[in-house]
Each structure stands twice: as C-alpha cells, then as structure tokens.
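Beneath this line is the structure, given in structure tokens, with notes to follow.
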Amino acid sequence: MKKLLGAIASLLTLTFATQAQDYMSINYNFNKGEQFELEQKSHTETYTTVNDIQQRVTRDYNNIISIDVTDVIPGKTTLTFRYKELRFNFNAKNQNIFVDAKVNKPEEPFQAGLKKVLDQPFTVELQSSGAISKIEGLDNLVDNAATAFSSLKKDEQEAYKKLIKDQFGTEAFRTWLEQLLIMYPAHGIKTGTQWEESVPLRGGLIGRVDLYWNLQTWDTQTAKIGGTAKINTDKVQTLTLDDDIKATAEISGTTTSNYMVMRSSGLPAICVQNTEMTGNYTYKVNRAKRIKHDLKVPVKVITNASYKIKQMK
C-alpha cells in the first residue's frame, strides 16, 4: 500500500510539474544601463475621392531609434528614446518632400525641422505589463523643431508645423508605440492563450483601438505572438485635416501583427504589421476652401510596416 501511495504521489507531482511547464509568464523586464536599437520601416498610402477625383498621399519612414534604460523601479521602467537616423518621404498633390535629417537640404525647410529632432532625448515611462504611463519631452522637442519654419510665410509655417506634429508629436508617437508593444496579462499564459486590451486612437484620428493577442509558440528564449487591432473612429468628433479642412471621420479597419518576442526583456525582436482602413470623411462647410455644403469623401488607408529591435548592451 505504501508503495502504491508513493507511486501515486510521484505521478501527481510529475503531472503538476508538466502542467506548470505548459505555462509561461512574460512581462517587460529591464536592467538600468541596458540599451536597445529599434529600426522602423513603413509605407502608408492614403486615398481620398473628392468630387469623383481620387487623390493619393504617401508617407514613408526609415528610422533608427536608440532606447536607453535610464531608471528601473518595481513594476515600472523609464526608457530614454533618441532618433539616431530619420528619413521621411511625403508625397501629395504632385509635391514630394524627401528628407534625411543628417543631410543638409537648404531648399527643403522640413529637413531643418527634422535635424532638430535628431539625437534629442525624450522619455517613455513603461509599466511591466506594457501600458504606457506617460511620455515626456517629445512635445517640447517638436515645438523646438518647428522654429526651423519661422522664416516661411504664415500659411506655410502652419502647414509644416502640422505635418511635423502629426508625424512625430506625442499623440502620434504614443499611438504608434501602443500598437507596436504587446500588453501582457498579469497571469501566466500557454500556447493558444488569447487576451485583449483597449486604448484610445490618438493623433490625426479620434476613436478607439481594440487590441487582441494570442500566444502561438514559445521556448526558453523567445515567444511567437500574433496580434490583431480593430480600429474605429468616433464619427461625431471634429478633426483638422490637411489644408485646414474641418471634418468628421467614420472610418474602421484592422491591423494584423506577427511578433517574435525576446522573453528576457519582453520587447519584440521582430514585428511585421499590415493595416487597412476604409470609410468616409465628411468635410464641413468652409467657404474659404470652396466647400459650400458638407461633403462626404471616401477614404482608404493602407500601411505596411516592419520593426526590428536588438539589444546593444
């Protein structure tokens, strides 16, 4: 009988150990002084149809950002970001703006603005779950960059200020980062586990993003995670588009993401994302812009992006 009870106890211990191994815990875990490098490549195409005429705007980014771990306390880390390389290409209405922040281009004011962004620090306070507590210093950095446009005509100044804020301001950066970083659950997860979170849609559009993740496979060093984001705008909120056009937006879409995560830090070593959104803007009456009545404008946005993060030290 004792032998039988001992065998049963051993079997139960083995069963519980096996079940425990089926689960893993993961969160953001850093040590002060660590440094990472993030490489971003993305291409966005926006199509709008105004009075049966289709307009196309493209935006391309090719950036490298350093990330320094500058403070660590239980449950929270301060990360200092700096753009080390910054290339941006904007094409709209037969106007092309291509700039490399490191390459002087006197004829293009936007280059002077981006040069002021380069190598300047701003901080992100990140909870161990992946929730962003706050971002500091980025708005001041963008405001300082906008001083590069002070010699331009007033309407040109405003257009460039809006462009740099829409692309690199705090709200735009936070929206981008919240969709790049996975928010991990507090409990352990196993293959097939799904979890979700919701965050505001900030920046150019106003609304909500519902984020869903699922653990596909994992080992001692990495985890493969799939992600889906459901994007929906608030159709009654007024926003300002290019050319100072006031509008509401009824737009929805989906982002699909594939992550290969470093379990040691929780950061994605590789992330590939594809986004497609469709819907309508409603341009509001604006005599100065020759909009004599509310105008419904179909819109389609397609973004393909890839990210790589590697630990430098």
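The values are calculated or read from the model by the stated rules, or taken from the named source; none is laboratory data. Only a predicted model underlies this, so the values are computations on that prediction, with no experimental measurement involved. So basically every Cβ, Gly included, is an ideal-geometry build from the backbone, and we count neighbours across all protein chains shown.
Values computed for the structure shown
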{"item": "Conditions (1) over 16 Å from the mean Cα position of the chain (by Cα); (2) surrounded by fewer than 16 Cβ atoms within 10 Å (Cβ to Cβ); (3) not hydroxyl-bearing (Ser, Thr, Tyr): number failed by residue 162", "result": "(2)"}
{"item": "Residue pairs meeting the criteria (Cβ under 9 Å; at least 6 apart or on separate chains; first touching a residue at least 24 places away in the same chain (Cβ under 8 Å) and at positive phi, in the range 150-162; second exposed (fewer than 12 other Cβ atoms within 10 Å of the Cβ) and in a loop (DSSP other than H, G, I, E, B))", "result": "none"}
{"item": "Flag for residue 277 being within 28 Å of residue 228 (Cβ to Cβ) and crowded, with 19+ Cβ neighbours inside 10 Å", "result": "yes"}
{"item": "In the range 141-168, the residues that are polar (S, T, N, Q) and outside any helix (DSSP H, G or I)", "result": "150, 151"}
{"item": "Exclusive hit being of a type in the set (Gly, Ala, Ser) and in a loop (DSSP other than H, G, I, E, B), set 252, 265, 257", "result": "265"}
{"item": "Candidate set from the range 96-121 (those that are β-branched (Val, Ile, Thr) and not in a helix (DSSP H, G or I)); member that is surrounded by the most Cβ atoms within 10 Å (Cβ to Cβ)", "result": "99"}
{"item": "Failed item, numbered, when residue 59 is tested on (1) under 16 Å from the mean Cα position of the chain (by Cα); (2) within 25 Å of residue 134 (Cα to Cα); (3) modelled with pLDDT under 95", "result": "(2)"}
{"item": "Residues (among the acidic types (Asp, Glu), farther than 25 Å from residue 29 by Cβ and surrounded by 15 or more Cβ atoms within 10 Å (Cβ to Cβ)) located in the range 42-84", "result": "45, 60"}
{"item": "Of residues in the range 187-207 being hydroxyl-bearing (Ser, Thr, Tyr) and over 15 Å from the mean Cα position of the chain (by Cα), the one farthest from residue 238 (Cα to Cα)", "result": "191"}
{"item": "Residue count for the range 247-274, restricted to those that are crowded, with 16+ Cβ neighbours inside 10 Å and either within 18 Å of residue 50 (Cα to Cα) or touching an Asp or Glu at 6+ places or on another chain (Cβ under 7 Å) (or both)", "result": "6"}
{"item": "Test result for residue 214, over 20 Å from residue 168 (Cα atoms), out of contact with any helix residue (DSSP H, G or I) (no Cβ under 6 Å at 6 or more places or on another chain) and either in a loop (DSSP other than H, G, I, E, B) or in contact (Cβ under 8 Å) with a residue 12 or more places away in the chain (or both)", "result": "yes"}
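Rundown of residues vs (1) touching a helix residue (DSSP H, G or I) at 6+ places or on another chain (Cβ under 8 Å); (2) within 25 Å of residue 269 (Cβ to Cβ); (3) touching a residue at least 12 places away in the same chain (Cβ under 8 Å), yes/no style:
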| position | (1), (2), (3) |
| --- | --- |
| 78 | no, yes, yes |
| 89 | no, no, yes |
| 109 | yes, no, yes |
| 114 | yes, no, yes |
| 126 | no, yes, yes |
| 132 | yes, yes, yes |
| 169 | yes, no, yes |
| 186 | no, yes, yes |
